[in-house]
1. Multiply the residue separation of Asp394 and Ala136 by 0.36 nm, subtract the distance between their alpha-carbon atoms, and state the gained length in nm to one decimal.
2. Write down the radius of gyration of region 311-354 and its Dmax, each obtained from C-alpha positions, in Å.
3. Which ³J(HN,Hα) values in Hz, rounded to whole numbers, follow from the phi angles of region 139-151 under the Karplus curve 6.51 cos²θ - 1.76 cosθ + 1.60, where θ = phi - 60° and Gly and Pro get x?
4. Spin-label point model (7 Å from Cα, Cβ direction): what's the Ala31 to Glu458 distance in nm?
5. Considering only protein heavy atoms, what per residue accessible area in square angstrom results for region 364-471 with a 1.4 angstrom probe?
6. Order the peptides 370-382, 348-360 from the highest to the lowest mean number of other Cβ atoms within 10 Å of their residues.
7. Give the Rg (one decimal place) followed by the Dmax (whole number) of region 131-277, computed from C-alpha coordinates and expressed in Å.
8. Straight-line reach from Lys321: which aspartates and glutamates have Cα under 17 Å away, leaving out those fewer than 8 places along the same chain?
Amino acid sequence: TIQNSYIICLISVAVLLGSLAECRIQNSKLASFDYPAINCRKHSAVLTDFGAVGDGKTSNTKAFNSAISKLSQYSNDGGAQLIVPPGKWLTGSFNLTSHFTLFLQKDAVILASQDESEWPELPVLPSYGRGRDAPAGRFSSLIFGTHLTDVIITGNNGTIDGQGSSWWKKFKSDQLKLTRPYMIELMYSDQIQISHLTLINSPTWFVHPIYSSNIIVNGLTILAPVDSPNTDGINPDSSTNVRIEDNYIVSGDDCIAIKSGWDQYGIKVGKPSQHIIIRRLTCISPDSAMIALGSEMSGGIQDVRAEDITAISTESAVRVKTAIGRGGFVKDIFVKGMKLNTMKYVFWMTGTYGQHPDKDFDPKALPKVSGINYRDVTAKNVTFAGKLEGISNDPFTGICLSNVSIEMSEQRSKKKLPWNCTDVAGVSSNVTPQPCELLPVKKDKSDCPYPSDKLPIENVQFKTCSFKSSVF
């Protein structure tokens, strides 16, 4: 059979050469293909080369780890790509390597194991000080990596299924001693691409780059039940130079949340999230935001740009979340081109988002929120146009709204004002319904600013990379 002849081929090469260097893949199912990526690879292998079984029942954790360990030896020789073929590949957590591509073919499904023993324990994140679900450590993410360079997770719309329902049940019944695993987390890493995949049912956050830089996340379909707990879609955290494009997200939490650490721990680490561009996003999240800034923002958030974004049946659009004790800053935020339909809030800023890691936060650590700009917004079926709540003695300043058209819901109580503003300052221009008095009309009636320069990450071009049906 093809499989037997292939095994004989592997054994022969291993005996003769002491490696798997020149063995040809005889599996006709794996045709050659091309794909876009920030970098191409010299060497290739297929998951089945390492004994993996795609029946959805057999654990392939050892196969993934063995494959990546083997391919890591090529990191300084043009890098390597691991192809996940069609099938259902059950696995626990595994770690990536540098100069490496994980490619999921169409009809390939990585299934997250529900066996906790297949999820190594990690210490808490330095900028958080505790786990989010429990004070102790956390489970390693399904796909994890730290201190890496040039990492690509992509495919021909293959699927990663976090099988999160068992984790959600444990969380809701307070059975967790460690924080639930994320689906994909890369720490202290540079040059990251996550693209062209379908991600479903993560135990908690889906995509979490943290303390990292030069990141592109594009072409993802992210799906979780709208009542699933903490299933944020894409969460850049203390990360710089990030490009998030052409993603479709249905979530039980924020579709995108930009973060930078929690209270005194985030202040101490002091790594902001900055220089981030988000465009062509579609979000559905009835209980959360399309894009959240915070609430853990103690390392600072600066220079975030969002354009051509759509929310449907979502609680709020681009929301600022912070509190006394956070410290840090949210500043230089630019939003252009929002299309919203069926929203509770169009504009929402909260200065009382008061969850804290412990009692040791500094009550004098006040966040600075300034330079928040929104322009070219259309919204239909809206309950509240705006709820803008700054902090007493620490107002949110430099808010600008321009060219905004909001159609209020017919079911909305006429007794409730469309705008509610406290401890904020700013201006507005061409906004319907008329904003609160704290946002008076601009004298020159000009549009709010939006940067004309490009971020460095916007200039990164994809190459056309290939898989040629050969091993190594």
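1. Details: separation 258, 0.36 × 258 = 92.88 nm, distance 3.33 nm.
Result: 89.5 nm gained on full extension.
2. 12.3, 34
3. 6, 4, 5, 4, 10, 10, x, 9, 6, 10, 10, 6, 10
4. Computed distance between label sites Ala31 and Glu458 equals 3.8 nm.
5. The answer is 55 Å² per residue.
6. Sorting 370-382, 348-360 by mean packing, highest first, produces 370-382, 348-360.
7. So, for region 131-277, Rg and Dmax equal 14.5, 42 Å respectively.
8. Asp232, Asp237, Asp253, Asp254, Asp263, Asp287, Glu296, Asp303, Asp332, Glu389, Asp394, Asp423
The values are calculated or read from the model by the stated rules, or taken from the named source; none is laboratory data. Computed from a predicted structure; not experimentally measured. Neighbour counts run over all protein chains shown; Cβ positions are idealised from the backbone, glycine included. Just so you know, the surface numbers come from the protein's heavy atoms only, side chains and all, with ligands and any DNA or RNA stripped out. Shrake-Rupley method; radii C 1.70, N 1.55, O 1.52, S 1.80 Å.
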